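Take a look at the structure below.
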Amino acid sequence: PRSIWLSRHGESEYNLTGQIGGDSNLSERGWRYAKRLPELVLKSLGEENKHTNLTVWTSTLKRTQQTSSFLPYKRKLQWKALDELDAGECDGMTYEEIEKTFPEDFKARDDDKYEYRYRGGESYRDIVIRLEPIIMELERQENILIITHQAVLRCLYAYFMNVPQEESPWMSIPLHTLIKLEPRAYSTLVSRIKADI
Ligand code: F6P
């Protein structure tokens, strides 16, 4: 039966400085996760399925491609639709800087994180809409490993777990964790493997 694997990219330079968005490289620790990922995937496949060929989907941003770079699978595809939430004018800022520069926006986002749209950027609802073609394609495919970003993963995870999308902005999707989803008729089985790095 088909499975879908999900992972955030490894820790990035921006994760370390607390800046949002951008297109930074992985940190040293992020690279360690990238190197460990093939082993996590094998562990998740189990001995009898270790030769299963996965297709790897990433965003167009460097940190997801770097995270995929040690995976031994030939089919790797980049999707713009998997790029992180576009923070518009706030791209590259820390949450503290946003609160100082745009206090009203900061509050509005906290009040309704799902609907709040960054100035010149996106809301979670916008992400859900741009993920539609991804979800359609996923339903037709087998054994896809998706390496993408926090906000995008929250929306994908909510979709497969049947959680109302309005709750997705608050869900916890930790770094350095491989999530395996096995969709079944009435529910989805989930298992998580955390890399110890
Ligand atoms: O901080 C990492 C990050 O992926 C940012 O690039 C993005 O804006 C943010 O997380 C999304 O999380 P939240 O919606 O909780 O701010």
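The values are calculated or read from the model by the stated rules, or taken from the named source; none is laboratory data. Note that this is a predicted model, so its numbers are computed, not measured. Using ideal geometry, Cβ is built from the backbone for each residue, glycine included, and neighbour counts are taken over all protein chains shown.
Values computed for the structure shown
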item: Residue in the range 82-91 that is crowded, with 17+ Cβ neighbours inside 10 Å, among the small types (Gly, Ala, Ser) and within 15 Å of ILE147 (Cβ to Cβ) present; result: no
item: Cβ pairs under 6 Å, 6+ apart, first in the range 16-41 and under 23 Å from LEU145 (Cα atoms) and among the aliphatic types (A, V, I, L, M), second outside any helix (DSSP H, G or I) and near the ligand (Cβ under 10 Å from one of its atoms); result: LEU26/SER12
item: Test: residue in the range 109-116 that is in contact (Cβ under 8 Å) with a residue 24 or more places away in the chain, within 26 Å of LYS62 (Cβ to Cβ) and within 19 Å of the chain's Cα centre (by Cα); result: no
item: Residues being in contact with a strand residue (DSSP E or B) (Cβ under 9 Å, 6 or more places away or on another chain), in a helix (DSSP H, G or I) and within 12 Å of the ligand (Cβ to nearest atom) - total across the range 84-139; result: 0
item: Unique match (being more than 13 Å from the ligand (Cβ to nearest atom), part of a loop (DSSP other than H, G, I, E, B) and touching a residue at least 12 places away in the same chain (Cβ under 8 Å)) among ILE197, ILE146; result: ILE197
item: Extreme residue, farthest from the ligand (Cβ to nearest atom), among residues of the range 29-43 that are touching a Phe, Trp or Tyr at 6+ places or on another chain (Cβ under 7 Å) and not hydrophobic (A, V, I, L, M, F, W, C); result: PRO38
item: Considering residues of the range 3-28 that are among the hydrophobic types (A, V, I, L, M, F, W, C) and not in a loop (DSSP other than H, G, I, E, B) only, the residue nearest to the ligand (Cβ to nearest atom); result: LEU16
item: Residue satisfying condition, being at pLDDT 95 or above and more than 20 Å from VAL152 (Cα to Cα), within set LEU77, LEU37, LEU42; result: LEU42
item: Total residues in the range 45-69, condition assigned to a helix (DSSP H, G or I) and surrounded by fewer than 18 Cβ atoms within 10 Å (Cβ to Cβ); result: 5
item: Residue list for the range 150-197, restricted to those being within 23 Å of GLU137 (Cα to Cα), among the polar types (S, T, N, Q) and either in contact with a strand residue (DSSP E or B) (Cβ under 6 Å, 6 or more places away or on another chain) or at pLDDT 95 or above (or both); result: GLN150, GLN165, SER168, THR188, SER191
